[in-house]
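Peer 1: Have a look at the structure that comes next, please.
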Amino acid sequence: MNTNDLYLTGVLNVIDGVLNTTGVSTIASGAALGLSGGTLNTDNDLNISGIFNWGDGGLAGTGDINIGATGELDVSSAGTKTVSRNLNNNGTIDVDSGTLQLQNSFTNNGIIDVDSGTTFQVAGAIFTNASGGTIQGIGSIIPPGTGFNNQGTIRPGNSPGILTVNGDLALNNTSILDLEIGGTIPGTEHDQIVVTGALSGSAGDFGTLKLTEIMDKLGYLP
């Protein structure tokens, strides 16, 4: 199927074949596009203000992928989903299954949530979580060789849980590490972030550590 501009206001599920768009493609707020098979080929910008559920189908094309404040990109099938175009996130990226790999540099201004056993990877030159961005969950983050530059919030866990950064992590004065605590056992009684590479702070400033008691373990004193 070929079309110029695509402006989706309802629900569309691509299960086979190829959907080609040559103009701007928009998933409006309240709309949903499912890619459970086939290929979505967008030769211009893809603007997501609703829900884009990326299952077993393929995503191809050119132009930027722009996730708005109400938009959500859900990665919902195993394997590696590769994005080789610019991705701008002001909404939510949920990695519920498999790996989401970005080939270009990436600055996050929204929420990235990585579930257990899943991976969010930036293979481009630079990965920054901006001051308004949040990285959360219990999966793995793989930054490029230049490391992960965090200016925003890192929130490990799933009440509670462990988030792993497989590489270097650089913090600065606007960084917030948001942890829940209710005991001494990581992953079950308190949140934990595991950094396999170097951990550094800008001019020795590692930002803010925010601790919140787990509701069913109130009264714990570290």
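Each reported figure results from applying straightforward, stated rules to the coordinates on display, with no laboratory input. Treat the numbers as computed from the prediction; the structure is a model and nothing was measured. Don't worry about glycine lacking a Cβ; one is built from the backbone with ideal geometry, like all the others, and counts go over all protein chains shown.
Peer 1: Restricting attention to the range 66-81, does a residue exist that is within 10 Å of the chain's Cα centre (by Cα) and either free of Cβ contacts under 8 Å to residues at least 24 places away in the same chain or not in a strand (DSSP E or B) (or both)?
Peer 2: yes
Peer 1: Of all residues in the range 96-116, which are in a strand (DSSP E or B) and closer than 19 Å to Leu40 by Cα?
Peer 2: Residues satisfying the conditions are Thr99, Leu100, Gln101, Leu102.
Peer 1: I need the full set of residues from the range 9-27 which are aliphatic (A, V, I, L, M) and surrounded by fewer than 18 Cβ atoms within 10 Å (Cβ to Cβ), in order please.
Peer 2: Scanning the range 9-27 gives Val11, Leu12, Ile15, Val18, Val24.
Peer 1: Among the residues of the range 28-65, count how many are under 15 Å from Leu87 (Cα atoms) and part of a strand (DSSP E or B).
Peer 2: Result for the range 28-65: 10.
Peer 1: Would you check which residues across the range 28-54 are buried (at least 18 other Cβ atoms within 10 Å of the Cβ) and farther than 12 Å from Leu8 by Cα and list them?
Peer 2: Correct list: Leu35, Leu40, Thr42, Asp45, Asn53, Trp54.
Peer 1: To continue, here is another question. Can you run down the residue pairs with Cβ atoms below 9 Å, 6 or more apart or on separate chains, where the first is in the range 84-95 and closer than 14 Å to Gly68 by Cα and the partner is surrounded by fewer than 19 Cβ atoms within 10 Å (Cβ to Cβ) and of a type in the set (A, V, I, L, M)?
Peer 2: Asn90/Ala69; Gly91/Ala69
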